[in-house]
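Notes to accompany the following structure.
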Amino acid sequence: MGLEERILHYYLKVFSIIIFFLLLFCSLYIFYVLNKNITFKNNYINIEKGEKFEKVLNKNFTNISKFDNFISNKYYQINKLLSNKFIHFGNFYLEESMSVIKLLEIITKSSNVFFKITIIEGWSKQDLEIELSKHFKDYYKINYQEIIADTYFYQNKNNFDLFFDKLKKTRNAYFKKYENNQIYKLFSENEILTIGSLIEKEGLDIDDKRKISSVIMNRLRKKMKLQIDATVLFAITNGQFNLDRKLLLNDLKVDHPYNTYLNYGLPPQPISFVGKKTLDVIFENYETDFLFYFYNNSLKRHIFSKTFEEHRKKLNEYRNSK
């Protein structure tokens with residue numbers, strides 16, 4: 001064998017080794033992508049009719065890159081071609097995290113979710129009991145601090161314990177996301193849910209809730225009484241019925257631990273169920289200088305002020321304009 005042939009043979013051998021390791025690396029990486037656990041945004045996903053697998057991944061999962069998405073989509077396309085398996089539309093319940101392979105096993109079958117309960121933000125315990133009675137024969141009362149208001153899917157109408165356990169796991173997983181947040185360090189989970197319940201009862205929309213949240217935080221920081229009407233309503237009714245009249249001056253003096261016109265600080269417990277969006281507002285820690293607000297019925301919104309003088313002036317203007 002001549003020198004040139006030996007050199008050519010050497011380079012071909014090196015090239016073959018490089019190609020082998022490249023193919024091995026690609027194979028191992030593809031295996032890793034398809035088998036690693038990906039994190040979902042919610043316990044349940046909804047796949048619309050005709051929705052592509054690529055969009056399902058982008059819409060519902062948080063830690064998947066474009067390249068991983070490409071590999072996963074190609075894997076689905078190959079399986080669809082070889083096994084004639086198509087993703088189904090509908091609602092699907094997922095484990096806390098799972099691989100692409102496991103995901104495809106679930107969504108290429110019929111929906112694994114049969115029933116749905118929506119717990120509305122600001123609901124009372126009585127509201128929830130009425131809803132639970134539509135779904136379960138046997139159930140028990142759920143306290144405001146035990147769960148988060150959200151939409152939940154379940155399979156077994158005869159197992160309330162399993163459903164309730166799912167609600168508690170959702171609550172715990174939510175708070176775990178914020179365990180390093182400054183608000184979480186300043187307040188207990190019960191206190192955060194209590195603040196959230198006040199915001200649920202007072203706030204009109206997200207922007208309004210942000211400002212009310214800032215007022216509550218500012219007043220707590222300055223050790224001012226919160227003076228929130230919703231707590232007086234709760235004190236009068238114990239959260240068991242709606243008060244079919246306006247609050248009177250004497251109502252603000254009712255001796256009750258939930259009356260924030262009489263007592264400093266937060267009420268002992270939440271006064272309603274709280275949703276994730278409202279809790280997100282609290283953890284956002286939106287800052288303003290506002291300390292006062294009132295509801296302007298003509299404008300259908302709350303009016304905020306930084307000082308008592310400003311608050312009193314705006315309030316008098318509103319009353320005189322009626």
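Quick notes on this one:
- First in region 256-269 and over 14 Å from residue 194 (Cβ atoms), second anywhere and surrounded by fewer than 17 Cβ atoms within 10 Å (Cβ to Cβ) and among the acidic types (Asp, Glu), Cβ under 8 Å, 6 or more apart: 262/255
- Leading residue by the ranking (modelled with the lowest pLDDT) among those in region 296-322 that are among the aliphatic types (A, V, I, L, M) and within 19 Å of residue 210 (Cβ to Cβ): 299
- Residue identified as under 16 Å from residue 152 (Cα atoms) and not in a strand (DSSP E or B) among 95, 105, 51: 95
- Condition check for residue 127: acidic (Asp, Glu) and under 15 Å from residue 274 (Cβ atoms): yes
- Test for residue 163: is it surrounded by 19 or more Cβ atoms within 10 Å (Cβ to Cβ), at pLDDT below 95, under 18 Å from the mean Cα position of the chain (by Cα) and farther than 21 Å from residue 291 by Cα: yes
- Test: residue in region 62-71 that is closer than 30 Å to residue 150 by Cα and surrounded by 15 or more Cβ atoms within 10 Å (Cβ to Cβ): yes
- A single entry from 25, 53, 21 fulfils the requirement of being among the aromatic types (Phe, Trp, Tyr) and surrounded by 12 or more Cβ atoms within 10 Å (Cβ to Cβ): 53.
- Region 271-315, subset of a type in the set (A, V, I, L, M, F, W, C) and in contact with a His (Cβ under 9 Å, 6 or more places away or on another chain), residue nearest to residue 246 (Cα to Cα): 294
- Filter pass, residue 271 being modelled with pLDDT of 90 or more, hydrophobic (A, V, I, L, M, F, W, C) and either assigned to a helix (DSSP H, G or I) or at positive phi (or both): no
- Listed by first and then second residue, the pairs with beta-carbon distance under 7 Å, at least 6 apart or on different chains, first residue in region 286-307 and free of Cβ contacts under 8 Å to residues at least 60 places away in the same chain, second acidic (Asp, Glu), are 306/289.
- Members of region 191-240 that are without any contact (Cβ under 8 Å) to a residue 12 or more places away in the chain and either crowded, with 21+ Cβ neighbours inside 10 Å or more than 16 Å from residue 293 (Cα to Cα) (or both): 221, 237, 238
The values are calculated or read from the model by the stated rules, or taken from the named source; none is laboratory data. Since this is a predicted model, take the numbers as computed values, not measurements. Backbone-built Cβ (ideal geometry, glycine too); neighbour counts: all protein chains shown.
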